[in-house]
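Accompanying notes for the structure given below.
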Amino acid sequence: MKNRKLACMMAAVLAAGMLAGCSSGSSSAETTAAAAETTDEAAETTTAESEAASEETEAESGSEESVSGAEETSAEESASQEAAGGEGKTLVVYYSATGNTEEVANYIANATGGDLFELEPAEPYTDEDLDWTNDNSRVTVEHDNPDQRDVELVSDTVDNWEDYDTVLIGYPIWWGIAAWPVDTFVEANDFTGKTVIPFCTSSSSNLGESGQLLAEMAGTGDWQEGMRFRSGVDEADVVDWVESLGL
C-alpha cells in the first residue's frame, strides 16, 4: 500500500515536471517567435525608411535639375532680351549716279556691318541725262526747274525701318546740293529716334549745306555732320572715318 502511494506521488511529481518543461518550452518558442517578428518588423521599417530616403533623394535631385534647367532657361532668355535690347542696326542708304557713291557705301557697310539700301529712280538716268554741260540734259532742266525734281523711286521705304538706330545717307553732289533723287526718300520717312549721318562723293565740291538741307527737309532725326569723299577714295580712308564715328 505504501509502495502504491509512493509510486503515485512520484508519478505526480514527474507529470508536474513534464508540464513545467512543456510550459517552459512553449514560452521559449513564443519568445523566439516574437523576437523573429520584431526582427522582421525592424527589417521592414529599415527597408521602408531606405525607400523613403531614396525617393526623397530622387525628388531633391529632380528639384535641383528643375532649378538648374530653369536657371539655364532664364539665362538664355536674359541673353536674348539683352541682344534684343542692345544697340540697333545700321542702315546705309545711297543713290549713285556713276558708281562712285555706291563704292563708298559698300565700304561703309563692310566697316559697320550695316545693311545696304539703294535708291533707284523709276526712270533711270542715262549718261546723256547726266551731262550737266548740256543745257537741255535732264539734270540741267531739273536743276533749273525745281518743280521737276520730284523723282519717283522704285522703292522709298525700307523693310523693318524701326529696327535701325543709325542711318547713313550717301549721294553725289549736284550743283552744291544732294542729288535730288535722295529728297524723295528723305521726305517719305520718319527719322524720329534715329541718328542720321550724310556722306557724299564729288570730284571737287565739298559737302556744303547738303546735309543741313536734308535735315530741314526731314524735320525729324538727330542729323550729324557728314563727310565728303573724293572720287576713287581709298577704302582705308573711309574705314578711318567710320571708326571715328564710334558706331
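Summarising the label geometry, the points placed 7 Å from Cα in the beta-carbon direction at Glu216 and Asn106 lie 3.5 nm from one another. With the charge dipole of region 89-245 set up from +1 on Lys and Arg Cβ and -1 on Asp and Glu Cβ about the Cα centre, the Cα lying farthest toward the positive end among the listed residues Asn110, Thr184, Trp241 is that of Trp241. Below 8 Å, C-alpha to C-alpha, sequence gap of six or more: please give me the relative contact order for region 87-130 in percent. It comes to 43 percent, rounded to a whole number. If R₀ is 22 angstrom, what is the calculated FRET efficiency for the pair Val233 and Trp161, using the beta carbon separation as r and rounding to 0.05? In this case the efficiency is close to 0.15. Taking a ≥ b ≥ c as the square roots of the eigenvalues of the Cα gyration tensor, region 136-211 is oblate, since a/c reaches 1.5 or more and a/b is not larger than b/c. Expressed to the nearest 5 percent, the antiparallel share of DSSP beta bridges inside region 89-245 is 10 percent. Here the average projected area of the convex hull drawn through the C-alpha atoms of region 89-245 stands at 8.5 nm².
Taking 0.36 nm per residue of separation and subtracting the Cα-Cα distance, full extension of the segment from Ala122 to Asp240 would add 39.0 nm.
Bear in mind that the values in this text are calculations on the coordinates, not laboratory data. Bear in mind the structure is a predicted one, so any value in this text is a computation, not a measurement. Every residue, glycine among them, receives a Cβ derived from its backbone with ideal geometry; neighbour counts consider all protein chains shown.
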